[in-house]
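The values are calculated or read from the model by the stated rules, or taken from the named source; none is laboratory data. This one's a predicted model, so the numbers in the text were calculated from it and none came from an experiment. So basically every Cβ, Gly included, is an ideal-geometry build from the backbone, and we count neighbours across all protein chains shown. Just the protein is used for accessible areas: all its heavy atoms, side chains included, with ligands, DNA and RNA removed. Shrake-Rupley method; radii C 1.70, N 1.55, O 1.52, S 1.80 Å.
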Amino acid sequence: MPILDFGGSASGLRTEISNELASALSAVLDASGDDGGRYDTRTRRSLVQTIAARAYGKPLLELAYLIAAADQLSGRHGYVGFFWGVRAATSGAYRAAAFAAAGRSAAPREIEAGADELIISYPGPVFRVSYGRMPFLAALLDFCVTALGFSEMDDEISAFLSGPKDREDMQSFANGLSRRLYDFLKDHLPSQQYERKFNAMCSFIADRTDRRVSADAIDDRTVLAFWEECCSDRRAGSDFKGFRTVAINFLHLRLALKTAADRLAIDAAAPIGSSRDAGEVDPEEICGALEVVEGRRSVLAELALPPADRLKAINKRESARLELVMEAGDAAAVLPLTILRAECFGAHQARIVQAVRKRKATEPHGAVEALIDQKPVEDYGAATDDFQELTVQIRKVRLALMFILFRNARPEAFEIGFDLFPEVARALRNRINEPEIDFADNVVPLRPGGAIGRLLQGAVEGDSETMPEAGLFKASRLAFAKVNRRGFEEERVCELEIMEAATACEPLLRVCGEELRAFLAALERHFNLIPAEQVFEEDCRRFHTALAALYRETA
Amino acid sequence: MTEPKLPGDDDGFAKALFVASSADRDIRLWLSEAAAVEDKPVPFAAFVQCLADPESATGRRVMEMAVRRPDVRAALMTLASRFALGHLPAVAAASDGALAVRETDAFRMRLEAAYDAGGLAYFIVERLDDGSDMPRLAIGIPEAGEPVMRALPESVDGGVQLMLPSDDPFLHLFRDPDSRFLLA
């Protein structure tokens, strides 16, 4: 099986995901629809999470019902016509297709197109599939067809469709498909490597702390000590070579342990014992937990996808800088040094890895030796300054987004304004004739029309010296003029797609700013105790020893 | 007294979440790094689009890929067979050695020389029954070798015609009684 080895690369990716799996997923996710992708961001993310968590059991049962119903609804082209007859797989498109088919005189009696769902009355309990669920089920079927082959899948589906359709038949078909997917993923997405990593990290922590492993036991010292030990006994040759990879693994481990602890706490509080004690882990539950943690991790990806990508709110360099902070989520404030180390020494290690590769080809080994003896190009002071500048930049871009939203008379403009200038929210409270009960210190209810309409008008047309809302607008206009990036052009401000992009970008950028501020505050607390230069010098010594053990041996 | 259960290396949930979370990240990274890889599988939706309208941008792209990529050709053939409007099997050799007409209950395909343009021939498909669907793709399948596909224009009156160079491989196949045809 081909292995991608990016042990010391910027991405820190070393995985045994097969080309075949990645290609199949890529084909499904890249499929085009009407003026964009066939599947929206949420559907794409759900599909990847479902595959990663192997949580396809229940969805396949839903799919079985939907395939059977779709085949009856769609006439000559059968289920293929229903699922792929729509260009963009949206709930609206499937709702329209279901209504059109169910309205025909020859429509089957067992299937009813409800307002929000397809109601399927085969023998056994009535089964309902909502239109909102259909894009995901379509993507799952798309993946099955692409990964397992249309011909084989179609034969299996045809046999299923020609038989009886009670609950057991549906379950039996779903189970068969589930087994086929399991067999495929066993070969193409092996989990042993991840399990091995989990065990190695937990063993290390248990040995080090002499107690059961918990999220709290993972700190910056533990991560560095683990990596150093891996480097010194060359265990790193297998799974833990790159510091950045190790950092990411510990971020994931910490989150997994924390989520598991929260879950146990909920169980303990429950009045009746849980069935979870049996030791079985429900993949659906894993997928649900993954969805929660992925919400923040996917922010950068969403900024790079429509509709947000019509504005270049974050450039490539900024995105790379933010990647680890966003991957860490709330752990960024717990493991700030680990993130900083991964940024500075991770990049340094990547250069050494590059030199090692070149040396293998042609160059003398002196280049590797020299690099190992050097310090990273960027020290902690410089990296921290860069992160600080990034917070300033994000604030500036959010102000520019506020300008776009003001110009389009969107109330969301005030959400940015009140977040960046809380004092304005307080000043405006008295100007709005709304029930006081809804008001917090820095919150103004943004209901359309009425007061908010007057505020929006006042912002654009009013005197910035006397009207706080006009002051907000003035600040946004000044910031907008300084953002020289794609989409931030005066003549395009009122285009629909720019307004949609600004609306989509704002909550994502807000999250980036929050994560970054929490991370920087944690770093500041750390460096108030021990100066950044001192930490950096000590780390240079430790990384030099570890990197020499890793790469000098092969020089 | 048993020790209270704490999350850790014996906790299946934490391990499963770590595995899923790591796999999820690796897949996302793989997808972003492999974005430029050539010869990725063609989305199934593109095949369906190609069959529905081979002259659309997606349809043309799939048809072009089918010429150079055996996997795309095979997949398109499979789907076309599944939804074929007409299967025209191999036939007995014509008395003059070259076939000019093939037909089923529903369709007739024939060749006619183009009188006003030297070296060209018309490939004509006519609907014989009162069905409403007209094919958008004609596929010639030789006894041995690779199939040859031609997109058909949209028809409103139950007939379509293509003008092809007389040395077009599709015409060679048509005249070969051992070859068979699909209309999809």
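A single entry from A:162, A:151 fulfils the requirement of being under 22 Å from residue A:111 (Cα atoms), surrounded by fewer than 20 Cβ atoms within 10 Å (Cβ to Cβ) and without any contact (Cβ under 8 Å) to a residue 60 or more places away in the chain: A:162.
Residues of the range A:192-212 that are open to solvent by 30 Å² or more (accessible area, probe 1.4 Å) and either at the interface with chain B (Cβ under 7 Å from one of its Cβ atoms) or of a type in the set (A, V, I, L, M) (or both): A:195, A:199, A:203, A:212.
Within the range A:372-383, the set of residues being part of a helix (DSSP H, G or I), open to solvent by 30 Å² or more (accessible area, probe 1.4 Å) and more than 15 Å from residue A:527 (Cβ to Cβ) comprises just one member, A:373. Based on what the data block shows, is residue A:543 at pLDDT 95 or above and touching a His at 6+ places or on another chain (Cβ under 8 Å)? Criteria met by residue A:543. Filtering the range B:48-60 to residues that are crowded, with 16+ Cβ neighbours inside 10 Å and part of a helix (DSSP H, G or I) leaves B:48, B:49, B:50, B:51, B:52, B:58, B:59. Evaluate the range A:93-104: report whether one residue or more is open to solvent by 10 Å² or more (accessible area, probe 1.4 Å), within 14 Å of chain B (Cβ to nearest Cβ) and not charged (D, E, K, R). The answer is yes; a qualifying residue exists.
Does residue B:167 fit the bill of being under 26 Å from residue B:49 (Cα atoms), over 22 Å from the mean Cα position of the chain (by Cα) and not in a strand (DSSP E or B)? Write out each step before concluding.
Working: under 26 Å from residue B:49 (Cα atoms): no; over 22 Å from the mean Cα position of the chain (by Cα): yes; not in a strand (DSSP E or B): yes.
In short, no.
Those helices (runs of 4 or more DSSP H) of the range A:230-349 in which 2 or more residues are closer than 18 Å to residue A:390 by Cα and modelled with pLDDT of 90 or more occupy A:299-303, A:316-328.
Scanning the range A:384-402 finds no residues that are touching a residue at least 40 places away in the same chain (Cβ under 8 Å) and not in a helix (DSSP H, G or I). Scan the range A:68-75 and give yes if some residue there is touching a strand residue (DSSP E or B) at 6+ places or on another chain (Cβ under 6 Å), farther than 16 Å from residue A:112 by Cα and assigned by TED's automatic domain parsing to the domain that holds residue A:133, otherwise no. No, every residue in the range A:68-75 fails to be touching a strand residue (DSSP E or B) at 6+ places or on another chain (Cβ under 6 Å), farther than 16 Å from residue A:112 by Cα and assigned by TED's automatic domain parsing to the domain that holds residue A:133. Restricted to the range A:13-72, and to residues there that are of a type in the set (Ser, Thr, Tyr), facing another protein chain (nearest Cβ under 9 Å) and part of a helix (DSSP H, G or I), the residue that is surrounded by the most Cβ atoms within 10 Å (Cβ to Cβ) is A:26. Take residue B:29 and decide whether it is modelled with pLDDT under 90, more than 7 Å from chain A (Cβ to nearest Cβ) and open to solvent by less than 30 Å² (accessible area, probe 1.4 Å). It is false that residue B:29 is modelled with pLDDT under 90, more than 7 Å from chain A (Cβ to nearest Cβ) and open to solvent by less than 30 Å² (accessible area, probe 1.4 Å). Applying the set (1) in a helix (DSSP H, G or I); (2) open to solvent by 10 Å² or more (accessible area, probe 1.4 Å); (3) at pLDDT 95 or above to residue A:354 leaves exactly one unmet item: (3). Does the range A:213-223 include one or more residues that are surrounded by fewer than 19 Cβ atoms within 10 Å (Cβ to Cβ), within 24 Å of the chain's Cα centre (by Cα), more than 11 Å from chain B (Cβ to nearest Cβ) and closer than 23 Å to residue A:262 by Cβ? Yes, there is a match, as at least one residue in the range A:213-223 is surrounded by fewer than 19 Cβ atoms within 10 Å (Cβ to Cβ), within 24 Å of the chain's Cα centre (by Cα), more than 11 Å from chain B (Cβ to nearest Cβ) and closer than 23 Å to residue A:262 by Cβ. Screening the range A:459-555 for helices (runs of 4 or more DSSP H) wholly inside it with 3 or more residues that are farther than 23 Å from residue A:375 by Cα and open to solvent by 10 Å² or more (accessible area, probe 1.4 Å) returns the ranges A:468-482, A:496-529.
Scanning the range B:170-184 for residues that are in contact with a Gly (Cβ under 8 Å, 6 or more places away or on another chain), in a loop (DSSP other than H, G, I, E, B) and open to solvent by 10 Å² or more (accessible area, probe 1.4 Å) yields a count of 0. Of all the residues in the range A:165-180, those that are under 29 Å from residue A:252 (Cβ atoms) and open to solvent by 40 Å² or more (accessible area, probe 1.4 Å) number 2.
Determine whether residue A:183 is among the charged types (D, E, K, R), open to solvent by 70 Å² or more (accessible area, probe 1.4 Å), part of a helix (DSSP H, G or I) and more than 9 Å from chain B (Cβ to nearest Cβ).
On the way: among the charged types (D, E, K, R): yes; open to solvent by 70 Å² or more (accessible area, probe 1.4 Å): yes; part of a helix (DSSP H, G or I): yes; more than 9 Å from chain B (Cβ to nearest Cβ): yes.
Yes.
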